[in-house]
Every structure is written in C-alpha cells, then in structure tokens.
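S.K.: Before we start, here is the structure in question, set down as structure tokens.
The values are calculated or read from the model by the stated rules, or taken from the named source; none is laboratory data. Small disclaimer: the values here were computed from a predicted structure and weren't measured. Methodologically, a virtual Cβ is constructed for each residue, glycine included, from the backbone with ideal geometry; neighbour enumeration extends over all protein chains shown.
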Amino acid sequence: MDQKLAAEVSAWIADDPDPKTAAQLQSWLAAGNEVELRKNFNGFLQFGTAGLRGPIGPGPSCMNNAVVGRTAAGLVAFMKERGLTSVVIGRDARHGSETFTQTSAEIFSGAGMQVYVLPRPLPTPVLAFAVNELGVDVGVMVTASHNPPQDNGYKVYLGGTVDGIEYRGSQIITPTDKSISSQIDQVTSLKSQPRGTNWKVLDEEIVHKYTTRTALLGPRPADLKIVYTAMHGVGTKTLQQVFQKAGFASLILVDAQAEPDPDFPTVAFPNPEEPGAIDLALETAKAFGADLVIANDPDADRCAAAINDPRTGWRMLRGDELGVVLGESIARNTNSGILANSIVSSSILSKIAKHYNLDFTETLTGFKYLAKIPNLTFGYEEALGYCVDSQTVNDKDGLSAALLLAQIAVDLKSQGKTILDLLNEVWARHGFHGTEQISIRVNQLSDVTKLMSGLRANPPQMIAGRVVESIDDLEKPICKHYFLLISFERRSPMSFYGLVDGSDISLRNYLKQLPGVDQVGAEARAAMLATRSIKTTSKAWAIDTAISMVDLTTLEGADTPGKVQALCSKAFRPDPTDLTVPRVGAVCVYNDMVGIARQHLDSIGAHELPVAAVSTAFPSGRASMAVKLQDTEDAIVAGA
C-alpha cells in the first residue's frame, strides 16, 4: 500500500472520535484495501454555500462525526473572529442526523457559545424561522434535503449582518463560505477541541409559534380534499398543525410515506421532481376523489403539487407553473412589493409583476440569493422552492407554500374555477410559457467544467435546426455555478441554460419562453427537444416545429363552407398517412366562417385547435371603431 496514504489514514483514525468509523478504516487498512481508502480519502468534504453534503461513511470525504466535528470547530473559529456568540441547531430524520446534532452542540458549547437545539426532527423552515425568532447569530441544519438515503448534510444560516451582507436568517453565500472553509482547514486536531454539555433543548413552543404564524396565510378555509405526502420526511406533523390552525379539514395522508423513514423505502429518489416519486400520492388522489395533491421533500423546504388536468388526468405541476399560481395570486392582493425569481426560472413572473405595477428582481441560481432581497414579497426557483412569507421564514418554505396553495384552490373552487383555469388566464394575458429541464449527472465536477469550457471555446451556431442569435456568458466569481445563456432567433423565442450544480454534480439545461402558439404544442416541443437525438432527428424536428407553428388559412373572398371544412381537416391532420405529424397552430378564417370552422373542428375531435378570425374590417381596416368592435365581438361569440 502507498505509505503516504497509510500514514494519512492512521493519523485520521487516531483523531476520529467515533469508534465505529475508526474501526472500519482500521479494517480496510489492515486488509490493504487501497480502493476504498482512496475513495474515502479523496480530500476533505467540500464546504460551500450549501454547507456540506455527501455520503455517510468513514474518512474525510464522507459525512461522519469527525468531519462534522471539524466543521463545527471551524464554524466556531469563524464566529469568534466576528464576535458571534449564539447558535440554534436543527435536524431531519436521516441516518446520522441525531448524532451529528449532538457532536455540533458539544463543540459549540465547549467553545462557550449560547446553544439551542430544536426539540425533535423538524422541517428546515422551522430552523430558519428559529434563527430570527430567537435572535441568534447562526443556524445549523443537519439535513441532506432530497438527496439519496445514504447521504446527509450540514447547512449554515446567519442571523444578522455578517461581512457586510444582510442575512436575516438565510443561507450563507460567497465569500462567507470561503471564510468558514478556510477555518475548517485549520482544524488540525478534533480531539483537542473542548466539548461541553451546556445547551438548551427547546420545547414545542418554537414549533407552536411557527405554525401559528404560518397559519395566517390561510384565512378563508373551506372543505377541500387534499392528499399529502411527506416523502418519508419530517413534514407531516408540522403541516397538519398548520392546516388545523388555519381551519382546514384533515389532510388525506399517503400512509406509506407519512412517517419519517431514513431509508425512503417507497421511492428510488426522495425528490418530488423525480419521475414516479409521487405515484402513490396520485393513486391516493384517484381513490379519494381529491381536489389537490401536495408533496414536500424530506426536509419540507420544497413544495410540489399535482392537479387533475382534464386533458391528461392527474399530473404534477412544473415548478414554474406553481410559481405562476402563487405569484399571480400574491400579486393580485398586493399594492406594492417585490417579486423575484432566479435566472433558471420562467420569465413570466417579470410580466406578472409589470402587469400589477410591482417591482421585479432576477438573481443567480440558488435561494440563498433570493433571500438577500430586502422586503421580498414573493420569490421562487423552478426547483420547487417558494418563499411566500419572508417575514416569517427568509428562505424557501414548503409548508407555507402548501397552505397558500390550498387557500388559492379554495378561493378558485368558490368561483367555479380550478388552478388550471388560473394558469390559463395568466397564459392568455402573457402568452404560454413552457419550460423543460434536462439533467445530465456526471461522476466528476471536472467533467462538467470541461464541457462548459468547450461550449465557451466553440459556441454553437445552431441547435436542433434553430439559429442561435446570441450567447451571454454569465460566469461570476461570486457563484460556483457557470452559466451560458443561449438565445434563439426572435421568430422562435426560446432560451437554453447550462449550469454546474456543485451539490448534484450535474449539468442542467433549461428550456424556457417557448413561443405561445398553444399550450399543448409548446409543451410537446419542449419535451421533444429534451428527449430527441439532435443528430438523427433535427430535420424531422424542424419540419414538425414549422408545421405546428403554421397559421393555416386561405382568406379567399369567395371562401365556401366546403372549402373551410376541408381546410380544418387538413389543419388537424396535415398528413393523413402519418399521424405523428403535428396539427398546425391555428386555422384563420373570415368572421362569417368562424362558426362553420369551429363546428367542423369539434366534430372531428379537434376541440383544442384554435380558430383565429380576421376582424376589425380586414384587410383595409378602414371602418369606424364601433364597426371594428362589433366585428370582433361577432367573431368571439362564434367561437374564435
């Protein structure tokens, strides 16, 4: 075995406070298992703006008591440098969370800090709330959020102004993470760190305060059948308390996923975004005839929802769709304020803000940046993160978002409407905005860096047959993410984002602002670009896209009902011999033919193919306003 590696392992074992992980390393060392040792001694687990996150195991490259203890000791040194003296610690129910909390409390207490510990495994938003409610300097949350079962993590929040940054109970950003990381690197011996036992375990009052404050977001409760899943996480009990205090009926729980279980036995990946993750919830919704499905990720800082779409049946809302629902509802009831989302989220929120004369801000990816906006009214990120009450929790909060969504659904139901109706209203006003995300997981961060460097060095001129109009390089020293914003030619406004995510080690491409020809067509185009092979299908894809954007019309002065009916049939089935060819975007006719076109389209099953009408005294437009308005009204009444 490599002697340098053996010496490093032996030194770590001597300083490891956990006999179990020390014994595991000792057995590998004795057996000469260099493969496992190199894997677990591949550098100290990187501390960044998301804190620590990694697999549980022995050695410096994994989550264990030795790594957590050194991290806490480094955080202590950071606090002492800045005169910070108090900390609150929370945890989820993952493997190791309780032990890591205990280790952290001992290190903080031994350093003379005022230490509070949450009473039990609780959602991350409760920890973020506690930072401000208790007025402490630092918050630590032991959680790996929606990572796989074998992972755990360590997130850091700050309460006041640190290094010139107003944190107000939000996650750290650069350069704070680098300062903490530097202090962690200087911890040479963990066993030499003093340990204490003088900390206060908070009672349920802190949870009561959070749930009481959050319940105010649901002032008009009513009977609504809501299915809820906590995804084997810690959300159930706290969300039940929130809904009960707001006056809502009991939630219909997905029993198999209601209680915390660190093994997440019913899901392959405990993230509501993952395919199949909410299948049990959808089955429950069908069985109970539910109105709405709500899901939280395991630490309940994210919120997902599913609706019963008449076109498709039960389906999950995309993160941007839920952002539209929450953002539109908040904007309608706000006289002044700030709406915000990150660069990888839909641009439609900026249009909603403009419509209601509200301010709008766009940030880099990561909720830690959204939370730095003073007096934020509503902020969201497409990865199911929503902040609907920044005065209570200055971070994403899946519980408050769930309650507000339920209240929105109740209000819509009282008007005979649904969440989908609200979405359609917004799309009718601003144009349909479709989004699709492609994630490519890699094993090494360097793989993504290399790929992004290649894109920078040789920028594409065309993608899937679409001309690239501009490329903006948004690489920022403040952020470990690397962005390329690629905009397509204006005739087909679409954006493509590539970014490095340091926690997932993935490359993500975001497709957004698809042209608003129609919802179904735009969604189909987004899905096609996400799944098709560009090399082999770009020509077919381009043809399909062209067809689906066509506004089919003759506009002959001598149009007859027969000609219009034939036109409608061709619009619905451009190639009767190949049913994979998409329908066109719309059929356009003169006003007196609108009724005939609409009736024929409905009779052949083309209910969703829109009819456009040439109104306002086409083609010259030389008529009085009264005539133009009557012309338009007649077309709409006829079905345009």
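S.K.: Which condition from (1) under 15 Å from PRO219 (Cβ atoms); (2) free of Cβ contacts under 8 Å to residues at least 24 places away in the same chain is the one that LYS417 breaks?
M.R.: Failed condition: (1).
S.K.: With the condition kept exactly as written, say whether any residue in segment 140-162 is of a type in the set (D, E, K, R), farther than 20 Å from ARG53 by Cβ and out of contact with any Cys (no Cβ under 9 Å at 6 or more places or on another chain).
M.R.: Among the residues of segment 140-162, not one is of a type in the set (D, E, K, R), farther than 20 Å from ARG53 by Cβ and out of contact with any Cys (no Cβ under 9 Å at 6 or more places or on another chain), which makes the answer no.
S.K.: Follow-up. Kindly indicate which of ALA281, ALA290, ALA256, ALA306 is of a type in the set (A, V, I, L, M, F, W, C), assigned to a loop (DSSP other than H, G, I, E, B) and touching a residue at least 24 places away in the same chain (Cβ under 8 Å).
M.R.: Of the residues listed, the single one that is of a type in the set (A, V, I, L, M, F, W, C), assigned to a loop (DSSP other than H, G, I, E, B) and touching a residue at least 24 places away in the same chain (Cβ under 8 Å) is ALA290.
S.K.: Ok, one more. Just wondering, is there one or more residues in segment 101-113 that are surrounded by fewer than 24 Cβ atoms within 10 Å (Cβ to Cβ), under 29 Å from THR214 (Cα atoms) and touching a residue at least 12 places away in the same chain (Cβ under 8 Å)?
M.R.: yes
S.K.: Right, ASP297: touching a His at 6+ places or on another chain (Cβ under 6 Å), of a type in the set (Asp, Glu) and crowded, with 24+ Cβ neighbours inside 10 Å or not? Break it down stepwise before answering.
M.R.: Details: touching a His at 6+ places or on another chain (Cβ under 6 Å): yes; of a type in the set (Asp, Glu): yes; crowded, with 24+ Cβ neighbours inside 10 Å: yes.
Yes: the conditions hold for ASP297.
S.K.: Related question: Filtering segment 441-461 down to residues that are surrounded by 13 or more Cβ atoms within 10 Å (Cβ to Cβ) and hydrophobic (A, V, I, L, M, F, W, C), which residue is modelled with the lowest pLDDT?
M.R.: My answer is LEU445.
S.K.: Identify, from the list ALA353, ALA340, the residue that is in contact with a strand residue (DSSP E or B) (Cβ under 7 Å, 6 or more places away or on another chain), more than 25 Å from TYR157 (Cα to Cα) and either crowded, with 20+ Cβ neighbours inside 10 Å or of a type in the set (Asp, Glu) (or both).
M.R.: Answer to the check: ALA353.
S.K.: Restricting to segment 34-54, name every residue that is touching a helix residue (DSSP H, G or I) at 6+ places or on another chain (Cβ under 9 Å) and touching a residue at least 60 places away in the same chain (Cβ under 8 Å).
M.R.: Passing the criteria: PHE44, GLN46, PHE47, GLY48, THR49, ALA50, GLY51, LEU52, GLY54.
S.K.: Please verify whether THR236 is farther than 17 Å from LEU134 by Cα and buried (at least 21 other Cβ atoms within 10 Å of the Cβ), treating the condition exactly as stated. Reasoning before the result, please.
M.R.: Details: farther than 17 Å from LEU134 by Cα: yes; buried (at least 21 other Cβ atoms within 10 Å of the Cβ): yes.
So THR236 passes the test.
S.K.: Still on this structure, I have one more. Sort out which residues of segment 385-407 are farther than 17 Å from THR363 by Cα, of a type in the set (Ser, Thr, Tyr) and crowded, with 24+ Cβ neighbours inside 10 Å, and write them in order of number.
M.R.: The answer is SER400, and nothing else.
S.K.: Can you tell which of GLY639, GLY585 is in contact with an Asp or Glu (Cβ under 7 Å, 6 or more places away or on another chain) and not hydrophobic (A, V, I, L, M, F, W, C)? Before you say what the answer is, go through the steps one by one.
M.R.: Details: GLY639 fails: in contact with an Asp or Glu (Cβ under 7 Å, 6 or more places away or on another chain).
After ruling out the rest, the residue left standing is GLY585.
S.K.: Residues of segment 287-317 being charged (D, E, K, R) and either outside the structural domain of ASP421 (by TED's automatic domain parsing) or over 20 Å from the mean Cα position of the chain (by Cα) (or both), which ones? Reasoning before the result, please.
M.R.: Initial filter on segment 287-317 (charged (D, E, K, R)): 291, 297, 299, 301-302, 309, 311, 315.
Residues satisfying the conditions are ASP291, ASP309, ARG311.
This table checks each residue for (1) of a type in the set (Gly, Ala, Ser); (2) surrounded by fewer than 24 Cβ atoms within 10 Å (Cβ to Cβ).
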| site | (1), (2) |
| --- | --- |
| ASN33 | no, yes |
| ASN42 | no, yes |
| GLY54 | yes, yes |
| GLY57 | yes, yes |
| PRO60 | no, yes |
| THR71 | no, no |
| MET79 | no, yes |
| ARG91 | no, no |
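S.K.: Residues being of a type in the set (S, T, N, Q) and over 15 Å from the mean Cα position of the chain (by Cα): count how many of those fall in segment 354-389.
M.R.: Of the residues in that region, 4 qualify.
S.K.: Residues of segment 3-31 being of a type outside the set (A, V, I, L, M, F, W, C) and buried (at least 19 other Cβ atoms within 10 Å of the Cβ), which ones?
M.R.: Residues satisfying the conditions are ASP16, THR21, GLN24.
S.K.: Still on this structure: Could you list, in sequence order, the residues of segment 190-210 that are polar (S, T, N, Q) and either in contact with a helix residue (DSSP H, G or I) (Cβ under 6 Å, 6 or more places away or on another chain) or closer than 18 Å to GLN46 by Cα (or both)?
M.R.: Passing the criteria: GLN193, ASN198.
S.K.: Output yes when any residue across segment 609-621 is at pLDDT 85 or above and either touching an Asp or Glu at 6+ places or on another chain (Cβ under 6 Å) or not hydrophobic (A, V, I, L, M, F, W, C) (or both), and no when none is. Spell out how you get there, then give the answer.
M.R.: Here is the first cut: in segment 609-621, the residues at pLDDT 85 or above are 609-613.
Applying the additional criterion that residues be either touching an Asp or Glu at 6+ places or on another chain (Cβ under 6 Å) or not hydrophobic (A, V, I, L, M, F, W, C) (or both) yields 610.
Yes.
S.K.: Separate question: I'm checking my understanding of the structure. Among residues of segment 13-58 that are among the aliphatic types (A, V, I, L, M) and outside any helix (DSSP H, G or I), which one is farthest from ILE180 (Cα to Cα)?
M.R.: For segment 13-58, the residue satisfying everything is ILE56.
S.K.: For segment 239-271: of the residues being aromatic (Phe, Trp, Tyr) and out of contact with any helix residue (DSSP H, G or I) (no Cβ under 8 Å at 6 or more places or on another chain), which is surrounded by the most Cβ atoms within 10 Å (Cβ to Cβ)?
M.R.: Filtering first and then ranking leaves PHE264.
To keep it simple, each residue is scored yes or no on (1) free of Cβ contacts under 8 Å to residues at least 24 places away in the same chain; (2) out of contact with any strand residue (DSSP E or B) (no Cβ under 6 Å at 6 or more places or on another chain); (3) of a type in the set (D, E, K, R).
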| position | (1), (2), (3) |
| --- | --- |
| LYS563 | yes, yes, yes |
| PRO582 | no, yes, no |
| ASN591 | no, no, no |
| GLY595 | no, yes, no |
| HIS600 | no, yes, no |
| ILE604 | no, yes, no |
| LEU609 | no, yes, no |
| ALA612 | no, no, no |
| PHE618 | no, yes, no |
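S.K.: Would you tally the residues in segment 225-253 being in a loop (DSSP other than H, G, I, E, B), in contact (Cβ under 8 Å) with a residue 60 or more places away in the chain and closer than 23 Å to ASP389 by Cα? Even if it seems obvious, please write down each step before you answer.
M.R.: In the first step, residues of segment 225-253 are kept if they are in a loop (DSSP other than H, G, I, E, B); the result is 225, 230-234, 247-251.
Filter once more, keeping what is in contact (Cβ under 8 Å) with a residue 60 or more places away in the chain: 225, 230-234, 248.
Cutting the leftovers down to closer than 23 Å to ASP389 by Cα gives us 230, 233-234, 248.
Here the count works out to 4.
S.K.: So for segment 179-202 (the condition being modelled with pLDDT of 95 or more and under 24 Å from GLU259 (Cβ atoms)), does at least one residue qualify?
M.R.: yes
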